[in-house]
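To keep things clear, I will list the structure first and then write my remarks on it.
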Amino acid sequence: HAATARLGRCKWNICRSPAAEAVFRNLVSKRGLESKFQIDSAGTIGYHEGNKADSRMISTSKKRGIEVTSISRPIKPSDFRNFDLILAMDRQNYEDILSSFDRWQHKETLLDSGPKKVKLMCSYCKRHTESEVPDPYYGGAKGFEKVSQGHHALARQYHESALDFSVPF
């Protein structure tokens with residue numbers, strides 16, 4: 001059975017997407033399904049490439065028992081080949097990801113189905129009305145707590161609603 005690949009994306013890959021990656025990894029690990037999934041995160045901008053996640057996100061996630069260990073990296077053309085679902089944290093990330101695909105499609109061997117892989121993370125939100133995962137970077141501790149709390153709820157809802165996942169979380 002082939003691995004199912006999921007990639008979370010935010011602007012800098014130091015707050016929202018690494019936290020989402022860590023939550024998804026934790027859920028998959030609790031079920032002993034690590035070999036069935038490829039989970040990663042990336043940013044639409046490479047400004048923080050090679051850096052750890054924001055210390056506030058690491059600390060907030062740790063309080064919930066989640067270890068955020070990823071290293072920031074930017075989006076790259078191969079992501080459209082290697083991942084079957086790319087989750088954007090907000091509408092701007094969504095548009096930036098699609099723009100990157102359009103720019104790279106002419107230089108790389110990318111399937112036309114690439115844009116169909118891109119979804120807003122909150123499109124899986126059934127119990128809340130948020131349409132985007134808010135960026136906590138310029139806010140205080142409450143913003144990071146809201147993102148951490150939201151990621152837990154969204155991750156569970158995502159797994160419940162993603163029919164092709166067929167894994168009961």
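The values are calculated or read from the model by the stated rules, or taken from the named source; none is laboratory data. What you are looking at is a predicted structure, and each value in this text was computed from that prediction instead of being measured. Don't worry about glycine lacking a Cβ; one is built from the backbone with ideal geometry, like all the others, and counts go over all protein chains shown.
Collect the residues in the stretch 21-45 that are assigned to a helix (DSSP H, G or I), among the basic types (Lys, Arg) and touching a residue at least 12 places away in the same chain (Cβ under 8 Å), keeping them in residue-number order.
Listed by number, the residues that qualify are Arg25, Lys36.
Taking Arg103 as meeting all but one of (1) surrounded by fewer than 14 Cβ atoms within 10 Å (Cβ to Cβ); (2) touching a strand residue (DSSP E or B) at 6+ places or on another chain (Cβ under 7 Å); (3) not aliphatic (A, V, I, L, M), write down the number of the exception.
(2)
Among the helices (runs of 4 or more DSSP H) contained in the stretch 53-115, which hold 1 or more residues that are more than 19 Å from Ser17 (Cα to Cα) and among the hydrophobic types (A, V, I, L, M, F, W, C)?
Correct list: 91-105.
Suppose we filter the stretch 27-55 for residues that are modelled with pLDDT under 90 and farther than 24 Å from Pro77 by Cβ; how many remain?
Residues flagged as modelled with pLDDT under 90 and farther than 24 Å from Pro77 by Cβ within the stretch 27-55 amount to 10.
Step by step: first the residues of the stretch 68-95, then only those that are charged (D, E, K, R) and touching a residue at least 60 places away in the same chain (Cβ under 8 Å), then the one that is surrounded by the most Cβ atoms within 10 Å (Cβ to Cβ). Which residue is that?
Taking the stretch 68-95 and keeping what is charged (D, E, K, R), we get 73, 76, 79, 81, 84, 90-91, 95.
Remaining after also requiring touching a residue at least 60 places away in the same chain (Cβ under 8 Å): 73, 79, 84, 90.
Details: Arg73: 17, Asp79: 23, Asp84: 16, Asp90: 21.
My answer is Asp79.
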